[in-house]
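None of the figures in this text is laboratory data; all of them are computed from the coordinates on show. Only a predicted model underlies this, so the values are computations on that prediction, with no experimental measurement involved. Cβ atoms come from the backbone with ideal geometry, glycine included; neighbour counts cover every protein chain shown.
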Amino acid sequence: MNLKFRKSISKDEIQKLPRYHFFGKIVVIENQKAALRAVKELEREKVLGFDTETRPAFKKGEKYKVSLLQLATDSKAYLFRLNKLKNYSEIFEVLSNPEIIKTGVAIKDDIKALKKKEPFIAENFVDLALVAKEMDIENFGLRALTAIVLGKRLSKKSKISNWERDKLTPAQVDYAACDGVVGYEIYQAFFAS
C-alpha cells in the first residue's frame, strides 16, 4: 500500500484544484444487447471502478431504486441504465465475480440498494473510504479522496438530478463516468507498487 498521501484537505483547497476530466470512452447502456457486449468486455478486467446513482427523493416516505450502475476501467466508463434494462443477471455476475476487484467509496449502501433489484453475492469489493481510514486519511469522501490522491477537483453538480429521465444530459453522463473512473484511479494510486 502506498502511504505517501496527505492526511486532510479543506473545501477551499479542493476548490482551487483543477477539475477532474475523463477523456476515455463513455458507453451508455440502455438495452440487453449492449449490456451483454459490455459484460463480455468487463469480464476481462482485473479492477473496476464502481458507483451507483439513484433518483433523489424530496418527499417523506418517497424512495427510488438504483437507476444507474457505473463500472469503469482506466479508459472506458460503462453506464448501465438499470431503469431501462429488464434483466440484470449477467451484469450482476460481474459484481459476484471474485476474480474482479470492484472499488469505490462508501459502497455498502450501493450494494444493498442493488440487491433490492436482484439478489446477488457481492464478491471482492474494496471500499476506498475504509482503505483511506487505515492510512489515517481524515477526509475520505469521493470528492476529498480525488483531491488528496489525484490532485483534482471532482464536480458534484449533477449529483442531485433525475437519473430516471428518458435521456441523460451530457452533464449527467460526464458526472457518472467521472465518479466511476476516479474509484479505479484512486485504487490504482493506493496500491501502486
Hz values of 3J(HN,Hα) by residue in segment 110-122 - Karplus curve (6.51, -1.76, 1.60), Gly and Pro given as x: 4, 5, 4, 5, 5, 5, 6, 6, 6, x, 7, 9, 6
Compute and list, largest first, the equivalent-ellipsoid semi-axes of segment 92-193 from the alpha carbon gyration tensor, each √(5λ) rounded to a whole angstrom. 22, 21, 12
Tilt relative to the chain, helix 170-190 - C-alpha long axis, 0 to 90 degrees, to 10: 50
Points 7 angstrom from Cα along the Cβ direction at Q32 and S10: gap in nanometres? 5.5
If all Cα-Cα distances of segment 66-125 are sorted into 5 Å bins from 0 onward, what percent lands in each bin, rounded to whole numbers? 4, 17, 30, 31, 15, 3
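Could you order peptides 4-16, 21-33 by the average number of other Cβ atoms within 10 Å of their residues, highest first?
Working: 4-16: 12.0, 21-33: 14.5.
Per-residue Cβ counts within 10 Å, averaged per peptide and sorted highest first, yield 21-33, 4-16.
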What spacing in nm lies between the two simple spin-label points modelled at R19 and N162, each 7 Å away from Cα in the Cβ direction? 2.4
Taking the number of other C-beta atoms within 10 Å as the exposure measure, put V173, V66, V182 in order starting with the fewest. V173, V66, V182
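For S67, S75, what's the fewest-to-most ordering of other Cβ within 10 Å of each Cβ? Each step should come with its number before you reach the end.
On the way: S67 20, S75 11.
Ranking S67, S75 by Cβ neighbours within 10 Å, fewest first, gives S75, S67.
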